[in-house]
1. Tell me the mean residue ellipticity at 222 nm calculated for the chain from its helices only (DSSP H runs of n ≥ 4, each -39500 (n - 2.57), averaged over every residue, nearest 500).
2. How large is ³J(HN,Hα) for each residue in region 248-263, as worked out from phi by the Karplus curve 6.51 cos²θ - 1.76 cosθ + 1.60 (θ = phi - 60°), to whole Hz, x for Gly and Pro?
3. How high is the relative contact order of the chain, in percent, counting Cα pairs under 8 Å that sit 6 or more residues apart?
4. Tell me which lysines have Cα within less than 23 Å of Lys456's Cα, excluding those fewer than 8 residues away on the same chain?
5. Please list, in chain and number order, the residues 5+ apart from Ala135 or on another chain whose amide H is under 5 Å from its amide H, with Hs placed from the backbone.
6. Return the Rg/Rh value of region 63-118, two decimal places, where both radii are evaluated on C-alpha atoms and Rh is the Kirkwood radius.
7. Please report the spacing between the Cα centers of region 334-357 and region 155-169 in Å, no decimals.
8. Cα-Cα pairs above 20 Å in region 239-368: how many percent?
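The values are calculated or read from the model by the stated rules, or taken from the named source; none is laboratory data. None of the values given here were measured: they were computed from a predicted structure. Note: ideal-geometry Cβ built from the backbone for every residue, glycine included; neighbour counts use all protein chains shown. We work out accessible area using only protein heavy atoms, side chains counted, and drop any ligands, DNA or RNA first. Shrake-Rupley method; radii C 1.70, N 1.55, O 1.52, S 1.80 Å.
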Amino acid sequence: MVKREPHVGPPDRAQLHQIIADMTDGVVQLEADGRIVWANVSALAMHGVDRVEALGATATQYQKRFKLALRDGRQLSARDYPMARLCRGNGFDDLVVNVCRMGKPEPDWVHRYRGIVLRDTAGEINCLVLVIDDATDAFEAEERFESMFNANPAPALIVRLVDLRFVRVNEGFLELSGYSEDQIIGRTMYDIDILEGAEKKDKAKSLFKEGATVPQMEAELPVPAGGTKLILLAGHPAELANEPCMIFTFADLEPRRRAEEALRQSEERFSTAFRLAPVPMMLSSLDGHRILNVNHAFLTVTGWSIEAVIGRRPADIELWESSAARREIDRKVAESGSFRSYELKLKTRDGKLVTCLVSAETVTINGQYCLLSAFQDITDRKRTELDLIAAIEGAMRDTSWLSQKIMDRLAALRDPSPKLGSGTPPVDLTTREREVLALITQGKSDSAIAETLSLKRNTVRNHVARLYGKMGAHNRAEAIIWARDRGHHIGAHEPQ
């Protein structure tokens, strides 16, 4: 209960006290000489006391019991205390201070003061009234907001709607944009128009003007160095210090743009290499194996037009020689996702078979798993090999006249390019097997070899059989070709 003085002034003041006693705003009445004569319940509660005397008998005593400071921490001088200003006859409005009981290290409350000077008809001070609003909760909430706003790693910016000025900015936005705080705070949307480069600019500006939520959209944020940065922004209406504002949050899309640009360039390089590759190439979907693209070399070899193959499956155009070959390819892809140099026959549009070495690799194109296949046409090489083997087998029917020079020429005809055996590990042959092989390459028969090496004919045949097994040959002609391709492996052991 408020202890009221038995006589606090003219009778009309007692009636006034009855009217304002239960107001939620705090009210303190002072006399012109600085005496504190009355306070309502709310004013006492805002100071943590239950009696007027606890505030101090005078404005001067109040200063000794309560320490007041501005929101930025600067202590008020005795002359600037709200009661002191009132006693000088100076009214004021909206003074916000931190209030701390003497001896306490931290403020207890945040008060918003309004000072009213009541004068009589002669202009003399009749009554001094201090109206107090306890803004502690509001300012604590604002401080919590400020703390969260500044600590939030997401870039954010606050615009005051009444004058379109930027009033808050956090570290996240400064890092994103490259601006300093001084370059942002106090400037307006006319100086840095964050909505100018929005993908839905007109809609965004209309919603912003109405103080309504601006949905997420991409935009180009102007940066201090010139140019723009790709961002994602959204605006949310809010109140800050009792003023309508808009909080804009941002996400940096530049890494995504750089990744997309790198991907685009990579796909362009792939497309160029695919299109200009001298060997036939085909790109098909991994699920369903539908043909997505082929290059010019593929069309040249197969005779198909690009319109006839795109969107179809290899089985639809009977690309492989047989369904067994198709199933084998599917099996290899399913097992390891790729394969190398698998020999099969490709069927052209007119039914001609082309012998190819096929290699395939699983790749990702535009987020889709695909199979990239390359075909090396070895038809001519296979035909040359078969012709050579046939010629050698014919010649071997009478090897007594086949000279070393002729054998060398026949082996050279098989493949004029660098030896296929280079780079392959040598087969481990015994000294005797090397001698036998060297004589075979000279065109000697088993009988001649037995005589040269002083061996029985059956022994020579056993050596020849073991040689065939080690080199994977089936006849003398294949053995001679194998030996000529790897001649440097046996030369040191050839009989003189």
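1. That calculation yields -11000 deg cm²/dmol at 222 nm.
2. 9, 10, 9, 9, 7, 9, 4, x, 5, 5, 5, 5, 5, 5, 5, 5
3. In percent, rounded to a whole number, it is 6.
4. Lys444, Lys470
5. Long-range HN contacts for Ala135: Val110, His111, Arg112.
6. Across region 63-118, the Cα-based Rg/Rh ratio is 0.97.
7. 66
8. 56
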